[in-house]
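*Asks:* A single structure is presented below for examination.
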Amino acid sequence: MTEIGRRILASGDTAVIETDPYNPGALQLSVNGVAQSHVHPSAPHKLFFEYVQRIGNIIDAYCNPGKPFTALHLGGGALTLPRYIAATRPRSQQQVIEISADLIDFVREHIPLPKNHGIRVRIGDARAVASKLPSGLQGAVDICVADVFNGSRTPAHLTSIEFYQTLRPLLKPEGLLIINTAASNAGNFLKRELATVSALFAHVTVVGVPRVLKGKSVGNIVVVASTDNSVCELLPCSMSAGPYPAATLEKAKLTAYIAGAKPITDAAPLASPELPETLFG
C-alpha cells in the first residue's frame with residue numbers, strides 16, 4: 001500500500017489513507033492501524049468490506065437504484081455508504097454524524113465528495129446529535145445505518161435500549177435500522193444486543209458469515225430491524241447478491257437464539273467485543 005495522507009487527529013489518534021494495490025483506484029482509511037473504510041472514488045458503487053457489501057445489498061433490496069430517499073448514518077469514516085447512495089440514488093438526502101471533525105476534514109482533503117452529493121455531516125457524539133436532529137427528520141428517515149466504532153469496538157452508550165429508543169422515532173413506519181455489530185466466539189454480546197433491538201422492533205433479521213453466527217469465529221454481523229414485516233422480504237434478494245458464504249437468523253431461529261438474553265441498558269452498559277486489528281487486513 002502507498003500512503004497518500006497522514007494526520008494526527010485532535011484525539012491523538014493517527015489517521016492514514018493508503019492506496020489499495022489489489023484494487024486500482026481504491027483507497028483505504030485506517031485509524032491507529034485499524035482499517036475503518038474502503039472507498040473507490042471514481043466508482044463509488046464498488047463496495048469492498050464484506051459487511052459493507054451486505055448493507056449495500058440490503059439497501060438495494062429495500063429501494064430500487066435511481067429512487068432517492070432519506071438516510072441517516074451514525075459513523076462517518078471515509079463516507080463509503082453515503083457515497084454509494086449518492087451515486088446509485090441521486091438527489092437522496094443524507095445526514096452523517098461523525099464525532100471527529102478533523103477526520104472528516106482529512107477525508108475530504110484526500111477523497112473529495114462529488115458535486116451535488118446531498119450529504120450533510122454533523123459533528124458530535126452519535127447519540128447526542130441523533131437526539132437533537134431537526135423535527136423535520138422525525139419519522140422521515142428511510143434507512144438509518146449505525147456503524148459506530150471507537151477503534152475496533154462500539155462504545156457501551158451506543159448499544160443500549162435507551163440509545164435505540166433515540167433512533168426509532170426518526171424512522172418511517174416502513175423504515176430500516178441497519179446495524180453493523182460485532183460477534184465474538186462467546187456470542188453473549190450479540191445475543192444481548194439482538195434482545196435489545198428486538199424489544200423495540202417487531203421484525204429483526206441477522207445476516208453474516210455462518211462461522212461468526214455460530215460463535216466459531218470473530219467478525220462483523222449485520223442486523224436489520226423494522227416495525228414493518230416487509231423487512232423479511234428483503235432477505236432473498238440481498239442474500240442472493242452475496243457475498244458468500246452467508247447465513248441468517250430470523251423469526252423462530254432468532255427467538256431461540258436470544259432466549260434468556262437480557263436487553264442492554266444504560267444502567268448496565270456493555271460495549272461490543274473488540275475485533276482483531278487484522279480482521280479487515
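The values are calculated or read from the model by the stated rules, or taken from the named source; none is laboratory data. Just so it is clear, the structure is predicted and the values come from calculations on it, not from any experiment. For neighbour counting, all protein chains shown are included, and Cβ atoms are generated from backbone atoms with ideal geometry for every residue, glycine included.
*Asks:* Return yes or no: is Glu109 crowded, with 19+ Cβ neighbours inside 10 Å, within 28 Å of Ser11 (Cα to Cα) and of a type in the set (D, E, K, R)?
*Replies:* No; evaluated as a whole, the condition is false for this residue.
*Asks:* Among the residues of the range 35-43, is any among the hydroxyl-bearing types (Ser, Thr, Tyr) and either in contact with a strand residue (DSSP E or B) (Cβ under 6 Å, 6 or more places away or on another chain) or under 22 Å from Arg168 (Cα atoms) (or both)?
*Replies:* Scanning the range 35-43 turns up at least one residue that is among the hydroxyl-bearing types (Ser, Thr, Tyr) and either in contact with a strand residue (DSSP E or B) (Cβ under 6 Å, 6 or more places away or on another chain) or under 22 Å from Arg168 (Cα atoms) (or both).
*Asks:* Still on this model: Give the residue that is surrounded by the fewest Cβ atoms within 10 Å (Cβ to Cβ), with candidates limited to residues of the range 1-33 that are of a type in the set (A, V, I, L, M, F, W, C) and not in a strand (DSSP E or B).
*Replies:* Ala10
*Asks:* Here is a follow-up. Kindly evaluate Ile221 against the criterion of being of a type in the set (A, V, I, L, M), buried (at least 21 other Cβ atoms within 10 Å of the Cβ) and more than 19 Å from the chain's Cα centre (by Cα).
*Replies:* no
*Asks:* Please specify each residue of the range 34-60 satisfying the condition of being buried (at least 20 other Cβ atoms within 10 Å of the Cβ) and more than 23 Å from Glu98 (Cα to Cα).
*Replies:* Asn57
*Asks:* Here's something else I'd like to know. Just name the residue that is surrounded by the most Cβ atoms within 10 Å (Cβ to Cβ) out of those in the range 197-216 that are closer than 22 Å to Ala268 by Cβ and either within 17 Å of the chain's Cα centre (by Cα) or hydrophobic (A, V, I, L, M, F, W, C) (or both).
*Replies:* Out of the qualifying residues, it is Val204.
*Asks:* Related question: Might you let me know whether the range 162-184 holds any residue that is modelled with pLDDT of 95 or more, touching a helix residue (DSSP H, G or I) at 6+ places or on another chain (Cβ under 9 Å) and hydroxyl-bearing (Ser, Thr, Tyr)?
*Replies:* yes
*Asks:* All but one of (1) at pLDDT 95 or above; (2) surrounded by fewer than 19 Cβ atoms within 10 Å (Cβ to Cβ) hold for Asn116; which doesn't?
*Replies:* Just one mismatch for Asn116, condition (1).
*Asks:* Just to be sure I understand, how many residues within the range 5-33 are in contact (Cβ under 8 Å) with a residue 60 or more places away in the chain, out of contact with any helix residue (DSSP H, G or I) (no Cβ under 6 Å at 6 or more places or on another chain) and farther than 16 Å from Glu98 by Cβ?
*Replies:* Adding up the residues that qualify gives 3.
*Asks:* A further question follows. Looking at Arg153, is it within 30 Å of Leu103 (Cβ to Cβ) and out of contact with any strand residue (DSSP E or B) (no Cβ under 7 Å at 6 or more places or on another chain)?
*Replies:* No; evaluated as a whole, the condition is false for this residue.
*Asks:* Of all residues in the range 136-160 being among the hydroxyl-bearing types (Ser, Thr, Tyr) and at pLDDT below 95, which is farthest from the chain's Cα centre (by Cα)?
*Replies:* Ser152
*Asks:* Out of all the residues in the range 224-233, which are of a type in the set (A, V, I, L, M, F, W, C) and surrounded by fewer than 18 Cβ atoms within 10 Å (Cβ to Cβ)?
*Replies:* Correct list: Cys232 only.
*Asks:* When the residues of the range 109-158 are narrowed to those that are touching a residue at least 24 places away in the same chain (Cβ under 8 Å) and of a type in the set (Lys, Arg), which ends up nearest to Val197 (Cα to Cα)?
*Replies:* Looking at the filtered set, the residue picked out is Arg127.
*Asks:* Next question, about the same structure. Inside the range 201-275, counting only strands (runs of 3 or more DSSP E) that do not spill past its ends, which hold 1 or more residues that are closer than 14 Å to Ile55 by Cβ?
*Replies:* In the range 201-275, the matching strands (runs of 3 or more DSSP E) lie at 203-208, 219-226.
*Asks:* Take the residues of the range 144-188 that are hydroxyl-bearing (Ser, Thr, Tyr) and within 27 Å of Ser11 (Cα to Cα): which is surrounded by the fewest Cβ atoms within 10 Å (Cβ to Cβ)?
*Replies:* Thr166
*Asks:* Looking at the range 80-108, I want the residues that are over 14 Å from Pro41 (Cβ atoms) and have a partner that is modelled with pLDDT under 95 and of a type in the set (Lys, Arg) with Cβ atoms under 8 Å, at least 6 apart or on another chain. Which pairs are those?
*Replies:* Final answer for the pair search is Arg89/Lys67.
*Asks:* In the range 192-210, how many are more than 20 Å from Val231 (Cα to Cα) and in contact with a Gly (Cβ under 8 Å, 6 or more places away or on another chain)?
*Replies:* Residues flagged as more than 20 Å from Val231 (Cα to Cα) and in contact with a Gly (Cβ under 8 Å, 6 or more places away or on another chain) within the range 192-210 amount to 0.
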